[in-house]
Amino acid sequence: MGSVVIDCADPPSLAAFWAAVTGYSVRESDDADDGWRMLLGPAGQPSIGFQKVPEAKQVKNRVHLDLYTADEEAAAARIEALGATRLYVSEDPDDIFVTLADPEGNEFCVCRQT
């Protein structure tokens, strides 16, 4: 897989948010097109693209990202400080995760790595 693309209203802003979340770098572009941004991760990891679309998000995502960490609560709090919104916390001790939404409402999970 080469990349995951997220539809959004403001690719530069959302790419900056996700760069802060993931540590990925924003690929520099020669054009000033605000309709597209790409984040590049470590070698072998898929890129994350941000594509401008005219319509706002309406319903729950059909696809979402899972971010893995040793401490899901600390990671979720850090990401909330960047602008995410907490939506849900799993109460299942065998499936520990926090669901967040990015600044445009796209859901993703911060999961405890086991």
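The values are calculated or read from the model by the stated rules, or taken from the named source; none is laboratory data. Just so it is clear, the structure is predicted and the values come from calculations on it, not from any experiment. In this analysis, Cβ positions are derived from the backbone assuming ideal geometry, glycine residues included, and neighbour counts consider all displayed protein chains.
Scanning the stretch 62-84 for residues that are part of a strand (DSSP E or B) and either assigned by TED's automatic domain parsing to the domain that holds VAL21 or under 12 Å from the mean Cα position of the chain (by Cα) (or both) gives LEU65, ASP66, LEU67.
Taking every residue in the stretch 79-96 that is within 15 Å of THR69 (Cβ to Cβ) and pairing it with any residue that is at pLDDT below 95 and not in a strand (DSSP E or B), at least 6 positions away or on another chain, yields no pair with a Cβ-Cβ distance below 6 Å.
Rundown of residues vs (1) in contact (Cβ under 8 Å) with a residue 12 or more places away in the chain; (2) of a type in the set (Lys, Arg); (3) farther than 22 Å from THR99 by Cβ; (4) in the same structural domain as GLU104 (by TED's automatic domain parsing), yes/no style:
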{"residue": "MET1", "(1), (2), (3), (4)": "yes, no, yes, no"}
{"residue": "SER13", "(1), (2), (3), (4)": "yes, no, no, no"}
{"residue": "TYR24", "(1), (2), (3), (4)": "yes, no, no, no"}
{"residue": "ASP33", "(1), (2), (3), (4)": "no, no, yes, no"}
{"residue": "LEU39", "(1), (2), (3), (4)": "yes, no, no, no"}
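Among residues of the stretch 12-61 being β-branched (Val, Ile, Thr) and within 23 Å of MET1 (Cβ to Cβ), the one that is farthest from the chain's Cα centre (by Cα) is VAL53. Of the candidates VAL59, VAL63, VAL21, the single residue that is of a type in the set (Val, Ile, Thr) and either at pLDDT 95 or above or surrounded by 11 or more Cβ atoms within 10 Å (Cβ to Cβ) (or both) is VAL21. How many residues are modelled with pLDDT under 95 and either in contact with a Pro (Cβ under 6 Å, 6 or more places away or on another chain) or surrounded by 13 or more Cβ atoms within 10 Å (Cβ to Cβ) (or both) when one looks only at the stretch 67-94? Residues flagged as modelled with pLDDT under 95 and either in contact with a Pro (Cβ under 6 Å, 6 or more places away or on another chain) or surrounded by 13 or more Cβ atoms within 10 Å (Cβ to Cβ) (or both) within the stretch 67-94 amount to 0.
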